Amino acid sequence: MSLGTKKFVITRFDPDRDTEPRTEEYEIPVQSDWKVLDAINFIKDEIDGSLSYRWSCRMAVCGSCGMMVNGEPKLTCKTALSSYGDSLTIEPLANFPTIRDLVVEMDGFMDKFQKVKPWIIQAKERAVEEGPQHQSPEDLQAFKQFSMCINCTLCYSACPVVATDPEFLGPAAIALGHRYNMDSRDEGADERNAVFRGEGTIFSCSYANECSEVCPKNVDPAGAVNQAKFNAVVDWASSFVVKREKE
Amino acid sequence: MTDVCRHDVIIVGGGAAGLRAAIAAVEADPEISVALVSKVYPMRSHTVSAEGGAAAVARDEDSLEMHGYDTVKGSDFLGDQNVIEYFVEEAPKELTRLEHWGCPWSRNEDGSVATRAFGGMTTKRTWYATDKVGFHMLHTLFQHSMRFDRIVRYDEHFVTRLLVDDGNVRGVSALDIRSGEVRAILGRSVILATGGAGKIFPFTTNGRIKTGDGMALAAAAGVPLKDMEFVQYHPTGLPGTGILITEASRGEGGLLKNSEGDRFLVTYDYGVGKKAELGPRDMISRAVVQEIEAGRGISGPYGEFVHLDLTHIGREKLEARLPFVLELARTYAGVDPLTEPIPIRPVVHYMMGGVDTDIDGATSLPGLYAAGETACGSLNGANRLGSNSLTECLVFGARAAQHAVLYSRGSSEGNESALLAQAEAEAARVSALRRHKKGSEKISTIRRELNTTMEEGCGVYREQASMLATVQTVASLQDRASDLRVSDDSMVFNTEVIAALEMKNMVDVAQAVSVSAAARLESRGAHTCRDFSSRDDENFMHHTLCYLEAGGPRLDKKSVHLGHWEPEERKY
Ligand SMILES: Cc1cc2nc3c(=O)[nH]c(=O)nc-3n(C[C@H](O)[C@H](O)[C@H](O)COP(=O)(O)OP(=O)(O)OC[C@H]3O[C@@H](n4cnc5c(N)ncnc54)[C@H](O)[C@@H]3O)c2cc1C
Ligand code: FES
């Protein structure tokens, strides 16, 4: 069903030609069941082939289509057009350097991601012949929510700490490190907590909760940061106790 | 001058198959340097969208023999039986490895890994992590791969060509999407793990990036594509978008119903017998089409559909087992599966065919390997069983890597200046494309016409006349696709150039699909011809090989590896 036309004011930036980002307007016919991404695809296919942005799965799971829609970070393939008025502004995700148009640079994020050692650490690696480990449904539940992150980075765009300190480890990376810390199969919490106690990590978080509010997958990174703070402190304090005992 | 990077093994693709291969390669040899080249960040690969599960024998009541038999029967006896035997044996080990690496498999009360029912499988053997299995497997593999410094990633690099010297593959040319430069990535062996090609069809569960690039790359280097006529239609996609509603929803008790509210799979005889909703995909897709043709479909803005009813399963189980299905149906179909049936229709899902490989993943071009959906090592034959392909990515990703590592030890560097000349020719091709504002054909128009003709000729049901018409249309589209209009002349993140390169790959793959289909004068698995309605073992118990040559496509045959299971009529 047609929903009439809507105007899209889209940020354009081509480092080959532009010194500053500029905007371009497109007025297009839209359908009632369209997501924001459908409209952007229509513009690219039918009006302006040079518009650059990322997308792939169009089912809210690959995490590549994040953009600012009317100033808020959104997963555009999940965001219904019908909930907006006649005009929308589309900008690249905030708090990231822009490469081109709506494409942001992911290098910093990928580095942070790797920093938290997002893999199972065990003192002795298991052989395949030992078979799968047991993990109770409750133990699974303890970290499951934090394993649902699709790396869309909307939380970095919403985070007031990232806005002022781009080096801040940030919500998704902390939630990921915490996910492994909470996994009953993992023995690497000491190593990750050492990272967490470093500068620009969990204690920089002001607990504004914006990250959890924009998360399209209900991962609750703010909750993860809070739990991680508590665990890192307990871990630190108990290591102190052990040391004293040894002395 | 082209930028040159040197490694031992080059892996193209960062999905389940590519990541598993990368890990296996560095584990096989502590010295080796691996390049992992992917046109999107690995965690965006379409493996991420897989929902239902991954198959491997896990329970005492089950056996490797049963998994093998189900697979060969599902394949309509076109699967290679040595490959199937190896697969079922390795499958539990591979899923166990993923468990050790942190995959959050769903659990039984006692803490053991849970399994669910899946179409065409006689017993519960599909491991799952709610209904986001591909997502969890992909992220587990990607995160685990980060432990290894020797896996060097080339994220957002689009491979445009295989570099071949003296009859050996020695590298790839890759367009760095961010800078617009073409790099020569040189190595001693190359593994293609580029995924499927669903985007040549209009309604598909596949994402934007599934354009068959690896198949086209191999074909351009003279490697045959095998069994391309076998395209899997999944019976339960959302009309319009094609978004998948997983087979696990039937595994958990979902029912298919027509406009009269009848469970048509049992009310009418569609040959799926007692399996009903748990029948194999090819048969259920045909049943849905027949049901609609019999006037018992329901009409909507995107054509006729039938219903997938989950309402009787109950909130608790649906929220625990199928949370993603709830989210997808609510967001993309506007229905709440707790109280309403979901509209569904058959959609293109998976390519059984692909780059012809042997059991080691080796192709006919020395040094070139392939694994995952882009490969056809003949596990799936004429019809893949749901949940076998995620496991296939692991089993054969690992095996291809082990063999690519062995090969790389014995091979020499090759003639570097010849390789660089090829990469430079590619740089020139890309650069010409970038300035092709005067091209006469719009990319979106060619895509639409290709999609339309592929559905007309190579749909769930096929006919000689329409298949031949599609062969002709694709040939003309191939011609037109050589003059695509590219309005974007920027070096930086030029997605229109990428779309043009992908378009060319898509028409090549579509040619292989339509030509192979038109030559198979029988019905087997997913290839169902109205004019040749039964299986013809006497004349067609063979694989199709399709070579894309300068003078046009050429077909050949390859024998099927039999020996363990005797071909029989496929009845459920
Ligand atoms: C919606 C959906 C649900 C599914 N559910 C299941 C299921 O429950 N169980 C099951 O067993 N199977 C399922 N499948 C099938 C299965 O998910 C796929 O077959 C499998 O994930 C393919 O993995 P892959 O590694 O071969 O390719 P992909 O995951 O598609 O990865 C391809 C990689 O190649 C890269 N690439 C491609 N072209 C180029 C190029 N030119 N240059 C550089 N890089 C390139 C891409 O960037 C990507 O990293 C499902 C499929 C879909 C679409
Ligand atoms: S396109 Fe994949 S999350 Fe939107």
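The values are calculated or read from the model by the stated rules, or taken from the named source; none is laboratory data. Please read these numbers as outputs of a predicted model, since none were measured by experiment. No Cβ is skipped: glycine too gets one built from the backbone with ideal geometry, and neighbour counts run over all protein chains shown. Note: accessible area is taken over every heavy atom of the protein model, side chains too, but ligands, DNA and RNA are not part of it. Shrake-Rupley method; radii C 1.70, N 1.55, O 1.52, S 1.80 Å.
Do we have A:D86 as surrounded by fewer than 20 Cβ atoms within 10 Å (Cβ to Cβ) and at pLDDT below 95 here? Answer is no for this residue.
Among the residues of segment B:91-109, those that are facing another protein chain (nearest Cβ under 7 Å) and either more than 21 Å from A:Y180 (Cβ to Cβ) or of a type outside the set (S, T, N, Q) (or both) comprise B:K93, B:R97, B:E99, B:H100, B:W101, B:G102, B:P104, B:R107, B:E109. Here B:S75 clears all of (1) more than 16 Å from ligand 2 (Cβ to nearest atom); (2) over 20 Å from B:T357 (Cα atoms) except the condition numbered (2).
Here the helices (runs of 4 or more DSSP H) wholly within segment B:16-109 that include at least 2 residues being touching an Asp or Glu at 6+ places or on another chain (Cβ under 9 Å) and surrounded by fewer than 24 Cβ atoms within 10 Å (Cβ to Cβ) are B:64-74, B:81-100.
Of all residues being more than 8 Å from ligand 2 (Cβ to nearest atom) and closer than 10 Å to A:L37 by Cβ in segment A:51-68, which is surrounded by the most Cβ atoms within 10 Å (Cβ to Cβ)? Just the residue, please. Taking the candidates together, the pick is A:M67. Which residue pairs have Cβ atoms under 8 Å apart, sit 6 or more places apart or on different chains, and have a first residue in segment A:182-199 that is open to solvent by less than 20 Å² (accessible area, probe 1.4 Å) and a second that is of a type in the set (D, E, K, R) and part of a loop (DSSP other than H, G, I, E, B)? Pairs that qualify, where the first residue is open to solvent by less than 20 Å² (accessible area, probe 1.4 Å) and the partner is of a type in the set (D, E, K, R) and part of a loop (DSSP other than H, G, I, E, B), are A:G188/A:K117; A:R192/A:K117. The numbered conditions (1) more than 12 Å from chain A (Cβ to nearest Cβ); (2) on the phi > 0 side of the Ramachandran plot; (3) not in a strand (DSSP E or B) are all true for B:G171 except (3).
Please find, within segment B:290-312, the residue that is farthest from the chain's Cα centre (by Cα) out of those that are open to solvent by 40 Å² or more (accessible area, probe 1.4 Å) and of a type in the set (D, E). Taking the candidates together, the pick is B:E293. Just to be sure before I move on: is A:T79 among the hydroxyl-bearing types (S, T, Y), open to solvent by 30 Å² or more (accessible area, probe 1.4 Å) and within 13 Å of chain B (Cβ to nearest Cβ) in the structure I sent? No, not satisfied.
When B:V172, B:V133 are checked against the criterion of being away from ligand 2 (no atom under 16 Å from the Cβ) and over 18 Å from the mean Cα position of the chain (by Cα), B:V172 stands alone in meeting it.
Summed over segment A:36-74, residues that are within 20 Å of the chain's Cα centre (by Cα) and more than 14 Å from A:T89 (Cα to Cα) total 13. Criterion applied to B:A329, B:A320 was being in contact (Cβ under 8 Å) with a residue 24 or more places away in the chain, over 30 Å from B:D76 (Cα atoms), open to solvent by less than 40 Å² (accessible area, probe 1.4 Å) and part of a helix (DSSP H, G or I), and the one residue passing it is B:A329. When B:D149 is tested against the conditions (1) in a loop (DSSP other than H, G, I, E, B); (2) more than 10 Å from chain A (Cβ to nearest Cβ); (3) surrounded by 19 or more Cβ atoms within 10 Å (Cβ to Cβ), the lone failure is (3). Could you go through segment B:221-241 and let me know if any residue there is among the charged types (D, E, K, R), assigned to a helix (DSSP H, G or I) and open to solvent by less than 20 Å² (accessible area, probe 1.4 Å). No. Residue under question is B:V325, and the condition is that it be touching a strand residue (DSSP E or B) at 6+ places or on another chain (Cβ under 9 Å), within 14 Å of chain A (Cβ to nearest Cβ) and over 21 Å from B:S533 (Cβ atoms); does it hold? Spelling it out, B:V325 is indeed touching a strand residue (DSSP E or B) at 6+ places or on another chain (Cβ under 9 Å), within 14 Å of chain A (Cβ to nearest Cβ) and over 21 Å from B:S533 (Cβ atoms).
Does B:D356 fit the bill of being surrounded by fewer than 19 Cβ atoms within 10 Å (Cβ to Cβ), among the charged types (D, E, K, R) and touching a residue at least 24 places away in the same chain (Cβ under 8 Å)? So B:D356 fails the test. Taking the criterion of being away from ligand 1 (no atom under 16 Å from the Cβ), open to solvent by less than 20 Å² (accessible area, probe 1.4 Å) and under 23 Å from the mean Cα position of the chain (by Cα), the residues of segment B:516-527 that qualify are B:S516, B:A517, B:A518, B:R520, B:S523, B:R524, B:G525, B:H527. Would you say B:V355 is within 18 Å of B:E247 (Cβ to Cβ), β-branched (V, I, T), assigned to a strand (DSSP E or B) and at pLDDT 95 or above? In short, no. Among the residues making up segment A:147-161, those that are in a loop (DSSP other than H, G, I, E, B) and away from ligand 1 (no atom under 16 Å from the Cβ) are A:M148, A:C149, A:C152, A:T153, A:C159. Residue-level check: of (1) in contact (Cβ under 8 Å) with a residue 60 or more places away in the chain; (2) more than 6 Å from ligand 1 (Cβ to nearest atom); (3) more than 24 Å from B:L406 (Cα to Cα), B:C5 misses just (3). Consider segment B:110-122 and keep the residues that are small (G, A, S) and open to solvent by 10 Å² or more (accessible area, probe 1.4 Å). The one that is nearest to A:P132 (Cα to Cα) is B:S112. The residues of segment A:113-146 that are assigned to a loop (DSSP other than H, G, I, E, B), open to solvent by less than 30 Å² (accessible area, probe 1.4 Å) and more than 8 Å from every other protein chain (Cβ to nearest Cβ), listed by number, are A:V116, A:I121. Here B:E27 clears all of (1) within 16 Å of ligand 2 (Cβ to nearest atom); (2) without any contact (Cβ under 8 Å) to a residue 24 or more places away in the chain except the condition numbered (1). Looking at A:P92, A:P137, can you tell me which residue is out of contact with any Gly (no Cβ under 7 Å at 6 or more places or on another chain) and within 22 Å of A:T19 (Cα to Cα)? Just a single option satisfies the conditions, and that option is A:P92.
If you go through segment A:178-198 and keep only what is among the hydrophobic types (A, V, I, L, M, F, W, C) and in a loop (DSSP other than H, G, I, E, B), you end up with just A:M182.
Of the residues in segment A:82-94, at least one is β-branched (V, I, T), more than 10 Å from chain B (Cβ to nearest Cβ) and over 12 Å from A:P216 (Cβ atoms). Of the listed requirements (1) open to solvent by 30 Å² or more (accessible area, probe 1.4 Å); (2) at pLDDT 95 or above, B:A371 misses just one: (1).
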